[in-house]
Structure formats: structure tokens, C-alpha cells
Amino acid sequence: MHRPARGFVTPLTVISIGVIAMLLLAALQTQGAVFSQSILSAFTPLIGVMILAAAGQALVIGTGGIDLSVPAAITVTGIILTTYTDGDASKLAPAIVIVLIAVILMGLVNGILVEVFGLNSLVVTLAVGLLAIGLGRLYRGKLLSVVGVPEPLVAFSGSNFGGISFVLLASIALAALATFFVWLTVPGRRLVASSASAAAGTLVGLRATAYRITAYAVAGVLYGIAGIMLSGLLTTPDLAIGEPYLLAPIVAVVLGGAVLTGGRVSFVATLLGAVFVSLLNLNLAVAGFTGGMPALVQGLVLALGLTLVFLLRDKRLLSRAFSRRAQGEGALLGSVH
């Protein structure tokens, strides 16, 4: 009996093909200029920021939640870097420490409200994000002049090697480290087990709730790092700095094969999903689409991605379909002979 091949078409395969297609489209639209050092040096750091934001979102989606506080975490980061330092390089290090404390607190509040009190993650993270933005605005006050981040941060964020941003290289290294942690370390496997099912994790003796709250806190750190790098790229971050990162990281994670009900996520596939979304936005910008068009397209891609992930993940239905077809063909041949 002929058995259908399994595992050939996977989310990783599909997103890899998608990235290649987006890259070819970008090359076609720009007549190859997308590979020039000037464009690469400006575009690759934005890919790195998207990867960091998507990696954090992947941790939360792995628990079965969705984090809508990402834009707020990035915006608050920009507020702290500009207001606290006032462009003074000597204050950059303490400002980064304050940023990390702030985003960890946001993540812990999100995690506790969702995992301990059982509140809906969408409502909680949106509310916490709005609260953080409000506090950030109060802390910022009324600035009489445009304030930039310290020069060392600007210099680092803009550094590149042959046009490939250090921010992108660092984000790729982080994705590799996260993959190693999840697959090959005991705490990583416990985090995955706890994320997939809190009840099952508790039954086998894991502190599932603590692990799941930790996922939110670590996600907050990743959002903070993304916000730090993005602030350095923009030099004068404003209150809208985080807006593009509400839907895009979710799209990147879903395109990487994650399911919104939770479970193991692939950071490599999430990285490729972030690259796809970044290239998609670039192609839309080159084609002249602005305003709400990127958000509309991202929404459509998210819907298609969810559908595709469902079809690829539900191998049992595919196996049953092939099995029934093979059995039907066998019965037909038997009746003929």
C-alpha cells in the first residue's frame, strides 16, 4: 500500500519559500538596489527589531496568550531613553537599566493577571499597555524641544558589517540561543511543557504558573531591547514609535507555524516570519502603498497564515483522507479481480 509522505510540507518550508518570494519581488521592484549597501544598512536593522519583537510575542503565544502591550513597551522605552538621558551619554547605562525594570514589571503584571487570576490575555495586555503609555506620558511631561537619545546608542544601532546591521546579527544570534535553550536545556523543556498545558505541567510536578509568568517577563525584556535599538535608529523617538508593532509580530509568529492555542514555537521559523513581514512592508512602501494598507495586508496575511497552519498541523485529517482513499482503491481493485 502506498503511504503519503509526511513532513515534506511544513510551516518552516512554506515561510522559507515566502521569504524568497518577497526578496525576489523586492529585487524586481528596486531593480536590484535592495542589495546595495546603502539600502541594506538602513533596512536590516529594522528586520532585527522585528525579530526581537516577534521572539517576545512567540513566548507569549506559546502559553496560549497574545500580547497587545508590545507597542506600549517600545514606546515607553523611547520615552525613558529621551526623558531620563536628555541626550547625555553618561546617563545611557542607568536609563537602559530603568527600561529593563519597566518592561519586566509590565511583563510580570501581564503574567500574574493572566495566569494567576485567569483574566483574558488580550484584555489584560491591552489595559496594561494603555496604563504604561499613560504613566509614560506623565513622566515625559511637555517637552519644549525635540530630544534625541545619546550618541553612543545611535552609533551602535547604525553600525553594520558590509551593510548587514549589527542589530540584525545580534537578533539572529538571540534566536539561535533561544532555540538552544528551548530544545536542549531542562528549564527550556519545562517552559515548553508548562506553556503547552498548565494543568499537565502541574500534574507532573512543574511549577507551571511560575514558568508561564516568566514567559511574559522575558517577552517584556525582548520588547525593551527592541525599543532600545529602534530608538537608536530613529534618534528622536516619538510617542508613535511602537504603533507598527501591534499586529506585525503576531503575524510573524503565526507564519512561523505557531498555533494560538499554545505549545512549542520555533524561533527559527519566527525569525523567518519576521523577515517575511519586514520584506512585505518594504514591498508595499516601494509600490507606493501607505496609510492603512500595510495593516490591511498584514491582517489578510494573518488570516491566511492561521488557515495554512491549521491545515499543515492537522495531519490526522490528511492521514485519514489518504488512508480512506487507499482503502477505497484497494477494495475497488479487489472487486475487479
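The values are calculated or read from the model by the stated rules, or taken from the named source; none is laboratory data. Computed from a predicted model, the values in this text were never measured in an experiment. Cβ coordinates were reconstructed from backbone atoms using ideal geometry, including for glycine residues, and neighbour counts include every protein chain displayed.
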Test for Thr202: is it at pLDDT below 95, in contact with a helix residue (DSSP H, G or I) (Cβ under 9 Å, 6 or more places away or on another chain) and assigned to a helix (DSSP H, G or I): yes
Quick check: anything in the range 164-172 in contact with a strand residue (DSSP E or B) (Cβ under 8 Å, 6 or more places away or on another chain) and surrounded by 17 or more Cβ atoms within 10 Å (Cβ to Cβ)? yes
Filter the range 255-292 for residues that are more than 28 Å from Thr30 (Cα to Cα), of a type in the set (Val, Ile, Thr) and crowded, with 17+ Cβ neighbours inside 10 Å; the one that is farthest from the chain's Cα centre (by Cα) is Val259
Report whether or not Tyr211 is within 20 Å of Ser69 (Cβ to Cβ) and at pLDDT below 95. yes
How about the range 237-336: which helices (runs of 4 or more DSSP H) wholly inside it have at least 1 residues that are modelled with pLDDT of 90 or more and closer than 29 Å to Leu177 by Cβ? 248-255, 267-286
Got a sec? Which of Leu119, Leu113 is free of Cβ contacts under 8 Å to residues at least 40 places away in the same chain and part of a helix (DSSP H, G or I)? Leu113
Ala33 passes all but one of (1) surrounded by fewer than 24 Cβ atoms within 10 Å (Cβ to Cβ); (2) within 30 Å of Leu138 (Cβ to Cβ); which number fails? (2)
Being aliphatic (A, V, I, L, M) and not in a helix (DSSP H, G or I) is the filter; apply it to the range 46-88 and report the residue that is farthest from Ile213 (Cα to Cα). Leu68
Hey, can you tell me all the residues within the range 83-119 that are surrounded by fewer than 13 Cβ atoms within 10 Å (Cβ to Cβ), under 25 Å from Val60 (Cβ atoms) and of a type outside the set (A, V, I, L, M)? Phe117, Gly118
Suppose the filter is within 27 Å of Val109 (Cβ to Cβ) and surrounded by fewer than 16 Cβ atoms within 10 Å (Cβ to Cβ); does Val70 pass it? no
For the range 122-144 the number of residues that are among the basic types (Lys, Arg) and either part of a helix (DSSP H, G or I) or within 22 Å of Ile213 (Cβ to Cβ) (or both) is 2
Which of the residues spanning the range 214-225 are in contact with a Ser or Thr (Cβ under 8 Å, 6 or more places away or on another chain) and either of a type in the set (A, V, I, L, M, F, W, C) or at pLDDT below 90 (or both)? Ala215
Can you name the condition, by its number, that Tyr139 falls short on among (1) among the hydroxyl-bearing types (Ser, Thr, Tyr); (2) modelled with pLDDT of 90 or more; (3) surrounded by 14 or more Cβ atoms within 10 Å (Cβ to Cβ)? (3)
